[in-house]
Amino acid sequence: MKVIRREDIRGTDRDVRSPAGWTSYRFLLKSDGMGYSLHETVLPPGLELQMWYKNHLEAVFCYTGTGSITAVATGEMHELAPGTLYALDKHDRHIVKSYTELRMVCVFNPPVTGREIHDEDGSYALPEQDD
């Protein structure tokens, strides 16, 4: 059994601070052997990020704050508020805007290794395959 608290992650290599302004607390990673990774992501107010997880599927649950997510391909926009989940089940290019501080729980498949920061196209590199 694993029990991990945010305060155990703060200040470690699982506490990822992006140059873009977001913070990601990486609770579960590829090395934990669960088959997915689980993060708490915090976006400050007024942040706008264009992302494209071409190598990962992601589900995101918003539990605090407000913002929006827009599908780049269609322009369709959805409001984010506590209790909202979005799933990027087709590797969707998307734009996330935070109106207030957004706190979200994110699940990635395949799992990330831990120190990923978005590439120039808004994606994470695919983790190396196990031998």
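Filtering segment 15-35 to residues that are basic (Lys, Arg) and under 13 Å from the mean Cα position of the chain (by Cα) leaves ARG17, ARG26.
Checked against the criterion of being among the polar types (S, T, N, Q), surrounded by fewer than 12 Cβ atoms within 10 Å (Cβ to Cβ) and over 13 Å from the mean Cα position of the chain (by Cα), the candidates THR74, THR70 yield just one match: THR74. Of LEU43, LEU47, LEU28, all but one fail to be over 22 Å from ASN109 (Cα atoms), among the hydrophobic types (A, V, I, L, M, F, W, C) and buried (at least 16 other Cβ atoms within 10 Å of the Cβ); the exception is LEU47.
Of the residues VAL112, VAL96, VAL107, VAL72, the single one that is aliphatic (A, V, I, L, M) and in contact with a helix residue (DSSP H, G or I) (Cβ under 8 Å, 6 or more places away or on another chain) is VAL112. Residue count for segment 82-113 satisfying the condition of being under 22 Å from ARG6 (Cα atoms), at pLDDT 95 or above and surrounded by fewer than 16 Cβ atoms within 10 Å (Cβ to Cβ): 5.
How many of the residues in segment 44-57 are among the aliphatic types (A, V, I, L, M) and in a loop (DSSP other than H, G, I, E, B)?
1
Of the residues making up segment 1-25, those that are surrounded by fewer than 16 Cβ atoms within 10 Å (Cβ to Cβ) and outside any loop (DSSP other than H, G, I, E, B) are ARG6, GLU7, ASP8, ASP15, ARG17. For residues in segment 58-67 being hydroxyl-bearing (Ser, Thr, Tyr) and assigned to a strand (DSSP E or B), which is surrounded by the most Cβ atoms within 10 Å (Cβ to Cβ)? That would be TYR63.
When ASN55 is tested against the conditions (1) modelled with pLDDT under 95; (2) surrounded by fewer than 14 Cβ atoms within 10 Å (Cβ to Cβ), the lone failure is (2). Pairs linking a residue in segment 57-86 that is under 14 Å from ARG103 (Cβ atoms) and without any contact (Cβ under 8 Å) to a residue 24 or more places away in the chain to a residue that is part of a loop (DSSP other than H, G, I, E, B) and not basic (Lys, Arg), with Cβ atoms under 6 Å and 6 or more positions apart or on different chains, are ALA81/THR66. Say we look at segment 76-116 and pick out the residues that are part of a strand (DSSP E or B) and among the basic types (Lys, Arg); which of these is nearest to GLU58 (Cα to Cα)? If we take residues in segment 76-116 being part of a strand (DSSP E or B) and among the basic types (Lys, Arg), then ARG93 is nearest to GLU58 (Cα to Cα).
The values are calculated or read from the model by the stated rules, or taken from the named source; none is laboratory data. Since the model is a prediction, treat every value here as computed from it, not as a measurement. Reconstructed Cβ throughout: ideal geometry from the backbone, glycine too, with neighbour counts over all protein chains shown.
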